[in-house]
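Everything on this sheet refers to the single structure shown next.
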Amino acid sequence: MIAPAQTGNLASLAHLDLEQEIARLKREMNAVILAHYYQDSEIQDLADFVGDSLQLSQQAAATSADVIVFAGVLFMAETAKILNPDKLVLLPDLKAGCSLADGCPAHLFRPFRARYPDHIVVSYINCSAEVKALSDIICTSSNAEKIIRQIPPEQPILFAPDQHLGRYLMKKTGRELRLWPGSCMVHEMFSERSLVQLKQRHPQAMVLAHPECAEAVLRHADYVGSTTGILNYAKQSPANEFIVATESGILHQMEKACPEKTFISAPGEGGCVCSECPHMKLNTMEKLYLCMKNRKPEITLDEELRQRALQPIVRMLEMS
Ligand code: 13P
Ligand code: SF4
(Lines give C-alpha, C1' and ligand atoms only; values in the text may rest on other atoms or scores of the structure.)
(Ligands and ions follow the chains in the order given, each with its own letter.)
Protein backbone atom coordinates (compact mmCIF):
# COMPACT_ATOMS: atom_id res chain seq x y z
CA MET A 1 0.00 0.00 0.00
CA ILE A 2 2.77 2.37 0.92
CA ALA A 3 6.19 2.82 -0.69
CA PRO A 4 9.13 1.68 1.47
CA ALA A 5 10.63 4.32 3.75
CA GLN A 6 13.67 6.16 2.40
CA THR A 7 16.02 7.24 5.14
CA GLY A 8 19.05 8.52 3.23
CA ASN A 9 22.38 9.40 4.76
CA LEU A 10 21.49 12.03 7.35
CA ALA A 11 25.12 12.68 8.33
CA SER A 12 26.01 13.90 4.80
CA LEU A 13 23.47 16.72 5.15
CA ALA A 14 25.42 18.56 7.83
CA HIS A 15 26.87 21.10 5.37
CA LEU A 16 23.48 22.07 3.88
CA ASP A 17 21.33 25.04 4.80
CA LEU A 18 18.22 22.88 5.09
CA GLU A 19 15.83 25.79 5.40
CA GLN A 20 17.10 27.27 2.13
CA GLU A 21 17.16 23.89 0.36
CA ILE A 22 13.60 23.09 1.41
CA ALA A 23 12.44 26.52 0.18
CA ARG A 24 14.18 25.89 -3.18
CA LEU A 25 12.64 22.42 -3.58
CA LYS A 26 9.25 23.81 -2.64
CA ARG A 27 9.42 26.33 -5.50
CA GLU A 28 10.78 23.79 -8.00
CA MET A 29 8.16 21.17 -7.14
CA ASN A 30 5.25 23.57 -6.68
CA ALA A 31 4.78 22.00 -3.28
CA VAL A 32 2.86 23.07 -0.21
CA ILE A 33 4.10 22.14 3.26
CA LEU A 34 1.30 21.47 5.76
CA ALA A 35 2.36 21.06 9.39
CA HIS A 36 0.52 20.08 12.55
CA TYR A 37 1.08 22.04 15.77
CA TYR A 38 2.83 19.01 17.29
CA GLN A 39 5.76 19.27 14.88
CA ASP A 40 9.15 20.64 15.95
CA SER A 41 9.16 24.43 16.01
CA GLU A 42 11.65 24.73 13.10
CA ILE A 43 9.30 22.68 10.90
CA GLN A 44 6.30 24.78 11.97
CA ASP A 45 8.26 27.93 11.11
CA LEU A 46 8.94 26.95 7.49
CA ALA A 47 5.52 25.41 6.77
CA ASP A 48 3.05 27.18 4.47
CA PHE A 49 0.28 26.35 6.88
CA VAL A 50 0.22 25.18 10.51
CA GLY A 51 -3.07 24.00 11.94
CA ASP A 52 -5.23 21.43 13.64
CA SER A 53 -6.46 18.25 11.95
CA LEU A 54 -9.60 19.86 10.50
CA GLN A 55 -7.78 22.89 9.12
CA LEU A 56 -5.08 20.68 7.62
CA SER A 57 -7.64 18.53 5.81
CA GLN A 58 -9.43 21.68 4.61
CA GLN A 59 -6.11 23.04 3.32
CA ALA A 60 -5.36 19.70 1.63
CA ALA A 61 -8.80 19.76 -0.02
CA ALA A 62 -8.29 23.29 -1.33
CA THR A 63 -4.64 23.39 -2.42
CA SER A 64 -3.63 24.01 -6.02
CA ALA A 65 -0.07 22.78 -5.40
CA ASP A 66 1.18 19.72 -7.31
CA VAL A 67 2.82 18.18 -4.26
CA ILE A 68 1.62 18.05 -0.64
CA VAL A 69 4.38 17.58 1.91
CA PHE A 70 2.72 16.52 5.14
CA ALA A 71 4.62 17.32 8.30
CA GLY A 72 2.38 15.27 10.54
CA VAL A 73 1.50 11.61 10.98
CA LEU A 74 0.34 8.88 8.63
CA PHE A 75 -3.43 9.24 9.07
CA MET A 76 -3.14 12.95 8.19
CA ALA A 77 -1.11 12.32 5.05
CA GLU A 78 -3.51 9.52 4.07
CA THR A 79 -6.42 11.94 4.46
CA ALA A 80 -4.63 14.39 2.14
CA LYS A 81 -4.12 11.60 -0.42
CA ILE A 82 -7.76 10.47 -0.16
CA LEU A 83 -8.74 14.06 -1.03
CA ASN A 84 -6.07 14.41 -3.75
CA PRO A 85 -5.62 11.14 -5.65
CA ASP A 86 -3.72 12.85 -8.48
CA LYS A 87 -1.25 14.75 -6.32
CA LEU A 88 2.01 13.47 -4.93
CA VAL A 89 1.62 13.30 -1.12
CA LEU A 90 4.85 12.94 0.85
CA LEU A 91 5.36 12.09 4.53
CA PRO A 92 8.93 12.56 5.86
CA ASP A 93 8.78 9.34 7.90
CA LEU A 94 6.26 6.60 7.14
CA LYS A 95 6.71 5.20 10.63
CA ALA A 96 5.03 8.33 12.05
CA GLY A 97 1.87 6.55 13.17
CA CYS A 98 -0.59 7.26 15.96
CA SER A 99 -1.56 5.15 18.98
CA LEU A 100 -5.25 5.82 18.29
CA ALA A 101 -5.03 4.63 14.67
CA ASP A 102 -2.76 1.70 15.56
CA GLY A 103 -5.08 0.62 18.39
CA CYS A 104 -8.05 0.27 16.05
CA PRO A 105 -7.05 -2.08 13.22
CA ALA A 106 -9.63 -2.63 10.50
CA HIS A 107 -9.68 -6.42 10.99
CA LEU A 108 -10.94 -5.89 14.56
CA PHE A 109 -13.05 -2.84 13.87
CA ARG A 110 -15.04 -4.56 11.09
CA PRO A 111 -16.55 -7.27 13.38
CA PHE A 112 -17.04 -4.71 16.19
CA ARG A 113 -19.05 -2.50 13.86
CA ALA A 114 -21.00 -5.52 12.56
CA ARG A 115 -22.29 -6.15 16.12
CA TYR A 116 -24.20 -2.85 15.93
CA PRO A 117 -25.78 -2.81 12.46
CA ASP A 118 -28.33 -0.12 13.40
CA HIS A 119 -25.60 2.32 14.60
CA ILE A 120 -24.22 5.14 12.49
CA VAL A 121 -20.41 5.07 12.68
CA VAL A 122 -18.69 8.37 13.51
CA SER A 123 -14.91 7.98 13.49
CA TYR A 124 -12.32 10.40 14.74
CA ILE A 125 -9.94 11.37 11.94
CA ASN A 126 -7.11 9.68 13.91
CA CYS A 127 -7.73 6.32 12.23
CA SER A 128 -6.47 4.43 9.19
CA ALA A 129 -7.90 4.78 5.67
CA GLU A 130 -9.35 1.26 6.12
CA VAL A 131 -11.26 2.31 9.25
CA LYS A 132 -12.41 5.51 7.53
CA ALA A 133 -13.79 3.32 4.74
CA LEU A 134 -15.81 1.42 7.39
CA SER A 135 -17.24 4.68 8.80
CA ASP A 136 -20.22 6.88 7.91
CA ILE A 137 -18.85 10.25 9.05
CA ILE A 138 -15.37 11.40 10.07
CA CYS A 139 -14.86 14.10 12.69
CA THR A 140 -12.00 15.93 14.38
CA SER A 141 -11.80 17.36 17.87
CA SER A 142 -12.91 20.75 16.56
CA ASN A 143 -16.10 19.62 14.81
CA ALA A 144 -17.06 16.42 16.68
CA GLU A 145 -19.69 18.06 18.90
CA LYS A 146 -21.23 19.91 15.95
CA ILE A 147 -21.40 16.69 13.93
CA ILE A 148 -22.92 14.59 16.75
CA ARG A 149 -25.57 17.29 17.29
CA GLN A 150 -26.61 17.02 13.61
CA ILE A 151 -27.43 13.30 13.95
CA PRO A 152 -31.14 12.68 14.74
CA PRO A 153 -31.59 11.90 18.47
CA GLU A 154 -33.21 8.51 17.83
CA GLN A 155 -30.25 7.32 15.72
CA PRO A 156 -27.79 5.19 17.76
CA ILE A 157 -24.13 6.14 17.29
CA LEU A 158 -20.92 4.13 17.42
CA PHE A 159 -17.90 6.33 18.08
CA ALA A 160 -14.29 5.25 17.40
CA PRO A 161 -11.44 5.11 18.18
CA ASP A 162 -10.92 7.60 21.07
CA GLN A 163 -12.90 6.65 24.18
CA HIS A 164 -11.93 9.86 26.00
CA LEU A 165 -13.15 12.15 23.24
CA GLY A 166 -16.23 9.92 23.04
CA ARG A 167 -16.94 10.29 26.77
CA TYR A 168 -16.42 14.04 26.55
CA LEU A 169 -18.93 14.18 23.68
CA MET A 170 -21.46 12.15 25.66
CA LYS A 171 -21.20 14.64 28.49
CA LYS A 172 -21.45 17.67 26.19
CA THR A 173 -24.32 16.44 24.00
CA GLY A 174 -26.20 14.13 26.40
CA ARG A 175 -26.07 11.44 23.69
CA GLU A 176 -25.28 7.80 24.45
CA LEU A 177 -22.33 6.69 22.30
CA ARG A 178 -21.12 3.11 21.83
CA LEU A 179 -17.34 3.48 22.24
CA TRP A 180 -14.30 1.74 20.80
CA PRO A 181 -11.82 1.52 23.73
CA GLY A 182 -8.89 3.45 22.17
CA SER A 183 -6.77 6.24 23.59
CA CYS A 184 -3.88 8.58 22.77
CA MET A 185 -0.63 7.54 24.45
CA VAL A 186 0.34 11.20 24.99
CA HIS A 187 -2.90 12.64 26.37
CA GLU A 188 -3.49 9.62 28.58
CA MET A 189 -0.21 10.30 30.41
CA PHE A 190 -1.39 13.53 32.05
CA SER A 191 -1.96 12.93 35.74
CA GLU A 192 -4.86 14.41 37.66
CA ARG A 193 -2.91 14.34 40.92
CA SER A 194 0.12 16.16 39.47
CA LEU A 195 -2.16 18.65 37.73
CA VAL A 196 -3.92 19.49 41.01
CA GLN A 197 -0.53 19.97 42.71
CA LEU A 198 0.66 22.21 39.86
CA LYS A 199 -2.54 24.26 40.07
CA GLN A 200 -1.90 24.80 43.78
CA ARG A 201 1.49 26.29 42.91
CA HIS A 202 -0.04 28.41 40.12
CA PRO A 203 -3.48 29.41 41.43
CA GLN A 204 -3.98 32.06 38.73
CA ALA A 205 -3.28 29.69 35.83
CA MET A 206 -6.07 28.62 33.48
CA VAL A 207 -6.06 24.95 32.51
CA LEU A 208 -6.47 24.34 28.75
CA ALA A 209 -7.00 20.71 27.75
CA HIS A 210 -7.46 18.63 24.61
CA PRO A 211 -10.51 16.31 24.69
CA GLU A 212 -8.21 13.31 24.14
CA CYS A 213 -7.31 13.68 27.85
CA ALA A 214 -8.98 11.39 30.38
CA GLU A 215 -12.14 12.61 32.14
CA ALA A 216 -10.26 13.01 35.46
CA VAL A 217 -8.00 15.63 33.81
CA LEU A 218 -10.75 17.33 31.79
CA ARG A 219 -12.65 17.87 35.05
CA HIS A 220 -10.03 20.47 36.02
CA ALA A 221 -9.99 22.28 32.68
CA ASP A 222 -11.20 25.86 32.22
CA TYR A 223 -11.31 25.23 28.47
CA VAL A 224 -11.49 22.00 26.44
CA GLY A 225 -10.89 22.11 22.69
CA SER A 226 -8.80 21.23 19.66
CA THR A 227 -5.25 22.50 19.30
CA THR A 228 -6.48 25.54 17.36
CA GLY A 229 -9.19 26.08 19.98
CA ILE A 230 -6.58 25.99 22.75
CA LEU A 231 -4.34 28.45 20.89
CA ASN A 232 -7.20 30.86 20.19
CA TYR A 233 -8.43 30.67 23.78
CA ALA A 234 -4.97 31.62 25.09
CA LYS A 235 -4.78 34.53 22.60
CA GLN A 236 -8.08 36.10 23.58
CA SER A 237 -8.00 35.32 27.31
CA PRO A 238 -7.11 38.14 29.72
CA ALA A 239 -5.26 35.56 31.86
CA ASN A 240 -1.46 35.55 31.86
CA GLU A 241 -0.66 32.00 32.89
CA PHE A 242 -1.84 28.72 31.38
CA ILE A 243 -1.34 25.03 32.08
CA VAL A 244 -1.58 23.23 28.76
CA ALA A 245 -2.75 19.60 28.66
CA THR A 246 -1.87 18.60 25.11
CA GLU A 247 1.26 17.77 23.13
CA SER A 248 3.97 20.30 23.92
CA GLY A 249 4.55 21.32 20.27
CA ILE A 250 1.56 23.68 20.54
CA LEU A 251 3.51 25.82 23.02
CA HIS A 252 5.61 27.18 20.15
CA GLN A 253 2.65 28.95 18.51
CA MET A 254 1.27 30.01 21.90
CA GLU A 255 4.55 31.62 22.90
CA LYS A 256 4.90 33.25 19.49
CA ALA A 257 1.38 34.70 19.62
CA CYS A 258 1.54 35.74 23.30
CA PRO A 259 5.19 36.34 24.29
CA GLU A 260 4.09 38.13 27.45
CA LYS A 261 2.13 35.12 28.76
CA THR A 262 3.42 32.01 30.54
CA PHE A 263 2.64 28.51 29.31
CA ILE A 264 3.34 25.41 31.36
CA SER A 265 3.01 21.84 30.05
CA ALA A 266 0.66 19.72 32.15
CA PRO A 267 2.59 17.04 34.06
CA GLY A 268 2.42 13.27 34.03
CA GLU A 269 2.52 11.00 37.10
CA GLY A 270 5.26 12.03 39.53
CA GLY A 271 5.51 15.43 37.84
CA CYS A 272 7.37 14.19 34.74
CA VAL A 273 6.82 16.24 31.60
CA CYS A 274 6.18 13.54 29.02
CA SER A 275 3.94 15.38 26.62
CA GLU A 276 5.88 14.81 23.38
CA CYS A 277 4.28 12.58 20.74
CA PRO A 278 6.99 10.13 19.65
CA HIS A 279 5.25 9.66 16.30
CA MET A 280 5.01 13.35 15.47
CA LYS A 281 8.61 13.87 16.55
CA LEU A 282 9.89 11.27 14.05
CA ASN A 283 9.73 14.01 11.43
CA THR A 284 12.88 16.12 11.31
CA MET A 285 14.22 18.88 9.07
CA GLU A 286 16.61 16.34 7.51
CA LYS A 287 13.82 13.90 6.69
CA LEU A 288 11.65 16.72 5.40
CA TYR A 289 14.42 17.79 3.02
CA LEU A 290 15.14 14.20 1.91
CA CYS A 291 11.51 13.35 1.21
CA MET A 292 11.24 16.41 -1.05
CA LYS A 293 14.56 15.76 -2.78
CA ASN A 294 13.77 12.06 -3.38
CA ARG A 295 10.00 12.53 -3.88
CA LYS A 296 9.43 9.72 -1.39
CA PRO A 297 8.23 8.20 0.89
CA GLU A 298 4.96 8.82 -0.89
CA ILE A 299 1.46 7.81 0.20
CA THR A 300 -0.26 5.41 -2.17
CA LEU A 301 -3.76 3.99 -1.71
CA ASP A 302 -5.81 1.38 -3.48
CA GLU A 303 -8.38 3.33 -5.55
CA GLU A 304 -11.39 1.35 -4.37
CA LEU A 305 -10.38 1.88 -0.72
CA ARG A 306 -9.71 5.57 -1.37
CA GLN A 307 -13.18 6.08 -2.79
CA ARG A 308 -14.83 4.38 0.18
CA ALA A 309 -12.73 6.40 2.64
CA LEU A 310 -13.53 9.63 0.77
CA GLN A 311 -17.30 9.54 1.40
CA PRO A 312 -17.18 9.99 5.21
CA ILE A 313 -14.51 12.70 4.87
CA VAL A 314 -16.62 14.64 2.38
CA ARG A 315 -19.56 14.29 4.76
CA MET A 316 -17.42 15.75 7.53
CA LEU A 317 -16.31 18.70 5.41
CA GLU A 318 -19.97 19.40 4.49
CA MET A 319 -21.14 19.16 8.11
CA SER A 320 -18.29 21.29 9.59
P1 13P B 1 -6.26 18.44 16.68
O2 13P B 1 -5.09 19.15 16.11
O3 13P B 1 -7.32 18.26 15.64
O4 13P B 1 -6.77 19.08 17.90
O5 13P B 1 -5.80 16.95 17.04
C6 13P B 1 -4.79 16.63 17.87
C7 13P B 1 -4.15 15.34 17.55
O8 13P B 1 -4.05 14.47 18.33
C9 13P B 1 -3.52 15.17 16.29
O10 13P B 1 -2.89 13.96 16.30
FE1 SF4 C 1 -1.82 10.13 17.83
FE2 SF4 C 1 -1.74 11.10 20.27
FE3 SF4 C 1 0.35 11.42 18.69
FE4 SF4 C 1 -1.93 12.76 18.19
S5 SF4 C 1 -0.61 12.99 19.95
S6 SF4 C 1 -0.66 11.66 16.70
S7 SF4 C 1 -3.47 11.28 18.87
S8 SF4 C 1 -0.44 9.47 19.45
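Quick notes on this structure:
- Within the stretch 175-320, percent of DSSP bridges classed antiparallel, to nearest 5: 10 percent
- Percent of Cα-Cα distances greater than 22 Å, calculated over the stretch 1-127: 43 percent
- For the set Glu269, Glu247, solvent exposure ranked by accessible area (probe 1.4 Å, protein chains only) runs largest to smallest as Glu269, Glu247.
- Shape call, the chain: gyration tensor on alpha carbons, a/c limit 1.5: oblate
- Taking Lys and Arg as +1 and Asp and Glu as -1, the other residues whose beta-carbon sits under 11 Å from that of Glu298 total +4.
- 3J(HN,Hα) from dihedral phi, the stretch 274-279, Karplus parametrisation 6.51/-1.76/1.60, rounded to Hz, x for glycine, proline: 10, 9, 9, 7, x, 6
- Whether the stretch 149-254 is rounded, prolate or oblate, judged on the alpha carbon gyration tensor where a/c under 1.5 counts as rounded: prolate
- Taking label points 7 Å from Cα along the Cα-to-Cβ direction, Ala62 and Arg193 give a separation of 4.7 nm.
- Arg178-Ala257 pseudo-label distance in nm [points 7 Å out on the Cα-to-Cβ vector]: 3.8 nm
- Gyration tensor (alpha-carbon) shape descriptor, the stretch 65-170, a/c threshold 1.5: prolate
- Spacing of the modelled spin labels on Glu215 and Met185, each 7 Å from Cα toward Cβ, amounts to 2.6 nm.
- Checking every one of the trypsin sites (Lys or Arg not before Pro) in the stretch 18-127 against DSSP loop status and a limit of 15 other Cβ atoms within 10 Å picks out Lys95, Arg115.
- Amide H partners (placed H, <5 Å) of Ile120, local residues excluded: Ile157, Leu158
- Stretchable slack from Ser237 to Ala114, in nm (0.36 nm times residue separation minus alpha-carbon distance): 39.7 nm
- Rounded accessible area per residue of the chain, 1.4 Å, Å²: 42 Å²
- Across Ala101, Ala221, Ala114, mean-square fluctuation computed from a Gaussian network of the chain (C-alpha pairs under 10 Å connected) peaks at Ala114.
- Take the Cβ atoms of Lys146 and Glu28, set R0 to 35 Å, and the FRET efficiency comes out at 0.30.
- Over the residues of the chain, the helix contribution to mean residue ellipticity at 222 nm works out to -11500 deg cm²/dmol, using -39500 (n - 2.57) for each DSSP H run of at least 4.
- Expressed to the nearest 5 percent, the antiparallel share of DSSP beta bridges inside the chain is 5 percent.
The values are calculated or read from the model by the stated rules, or taken from the named source; none is laboratory data. Everything numeric in this text was worked out from a predicted model, so none of it was measured. In this analysis, Cβ positions are derived from the backbone assuming ideal geometry, glycine residues included, and neighbour counts consider all displayed protein chains. Accessible surface areas use protein heavy atoms only, side chains included; no ligands, DNA or RNA. Shrake-Rupley method; radii C 1.70, N 1.55, O 1.52, S 1.80 Å.
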